[in-house]
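K.L.:
One structure coming up, written as structure tokens, with questions to follow.
The values are calculated or read from the model by the stated rules, or taken from the named source; none is laboratory data. Keep in mind that what you see is a predicted model, and the values were worked out from it rather than measured. All Cβ positions, even for glycine, are placed from backbone atoms using ideal geometry, and neighbour counts span all protein chains on display. Calculation scope for accessible area: heavy atoms of the full protein, side chains included, ligands and nucleic acids excluded. Shrake-Rupley method; radii C 1.70, N 1.55, O 1.52, S 1.80 Å.
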Amino acid sequence: MKSVLKFILSHSIFVSFCAFTLTLQTYILSNKPINLSICWLVFFSTIAAYNLYWTLSKWSFNKNNPVLFSNYWIHFFLLIFSFLVVIDYLWQIPSLIPSVLISIGLTLFYTIIVLPIFKDFSKKLNGLLKTFTLATTWTFVTVVIPLHDQLCQSGFWVLILTRFLFLLMLCIIFDAKDSKMDVLLKMDTSVSKISLKVLSVLMIVIILINGLLLFFLGNVFQSQSQVFVLMCSSSLAFLLYLLSFKRRGYFFYYFMVDGMMLLSSFASYMLTI
């Protein structure tokens, strides 16, 4: 059972379900009809993006080993299969093509920042760019894509900002985990140069600003119960940040931290029943 769970986590299937549910939550929070086709498009897009990253990162981190696609054939298969599914969805919903192209651009930019083969470029960039780029990409995919034809309506900017700040908290937790590896690789695009005190202040500022924005969100979409869910989600994310001060394992980050997205979305869905 543990090996099955690890397979789901390590091949980005779990995090893709998290992206699916966050997209579903976007429809719930904005009081819009749920489009499951777009939810599945986000799911397969996430699988494709993450398995592209894992394929490239395994190649770049293992320069001393023979470069054979058979070493990561599952990642490569999931990448190709998901890419074909995404093409099929875009064929059915061509209005999404511009938004998906932007999300691809954000994904490629993040990949350039993260992978050591681009470290000569990435080390010239500012410290938290990696963190903000990942949070921006996730926000774009789970909010802008499902609401691509309704973004001019009043109030949606609040939903975008609150989702960004929530995801930024989770990304900071991951980047704190990755900081030692970034130092080893001489990459300066994470929180490796920022003290724990400054990082903690940043997290507190984020949760306070998010709380104020959620107040406006409740007024715009008239859903105080959903605001309560989002506030609890942010508080739990901050708790996970505090728990991450001690050394944590693979499942803490890839199940519990990523799982915050799933938990928040599930709670929002339960309020609709």
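K.L.:
State the extension gain, in nm to one decimal, for the chain segment bounded by Val201 and Ile112, taking 0.36 nm per residue of separation less the distance between their alpha-carbons. Let's see the in-between values first.
P.N.:
Values: separation 89, 0.36 × 89 = 32.04 nm, distance 2.85 nm.
Extra length from Val201 to Ile112 when fully extended: 29.2 nm.
K.L.:
Shifting gears a bit: How would His148, His75 rank on accessible area, largest to smallest, probe 1.4 Å? Walk me through the numbers before you get to the answer.
P.N.:
Working: His148 45, His75 10 Å².
These residues rank, largest area first, as His148, His75.
K.L.:
Let me ask you something else. Shape verdict for region 233-273, please, from the Cα gyration tensor: rounded (a/c under 1.5), prolate (a/b greater than b/c) or oblate.
P.N.:
On the way: a/c = 5.26, a/b = 2.09, b/c = 2.51.
Oblate shape, in that a/c is at least 1.5 and b/c is the bigger or equal ratio.
K.L.:
Solvent-accessible area of Phe216, probe 1.4 Å, all protein chains present, reported in Å² to the nearest ten, please.
P.N.:
Its accessible surface works out to 110 Å², give or take rounding.
K.L.:
If you don't mind, there's one more thing I want to ask. So for each of 128-138, 96-106 I average, over its residues, the number of other beta carbons within 10 Å; can you give me the resulting order with the highest mean first? All intermediate terms of the calculation are to be shown ahead of the outcome.
P.N.:
Numbers: 128-138: 20.6, 96-106: 15.7.
Going by the mean number of other Cβ atoms within 10 Å, highest first, we get 128-138, 96-106.
K.L.:
Let me ask you something else. Which distance in nm do the two modelled labels at Leu208 and Lys246 give, with both placed 7 Å along the Cα-to-Cβ direction?
P.N.:
2.9
K.L.:
Ok, one more. May I ask you to order 232-241, 202-211, 156-165 by the average number of other C-beta atoms within 10 Å around their residues, highest value first?
P.N.:
Details: 232-241: 18.1, 202-211: 16.4, 156-165: 20.5.
Those peptides, ordered most packed to least, come out 156-165, 232-241, 202-211.
K.L.:
Roughly speaking, what is the centre-to-centre gap between region 206-273 and region 127-149 when only Cα atoms are used, to the nearest Å?
P.N.:
The two parts, judged by their Cα centres, are 17 Å apart.
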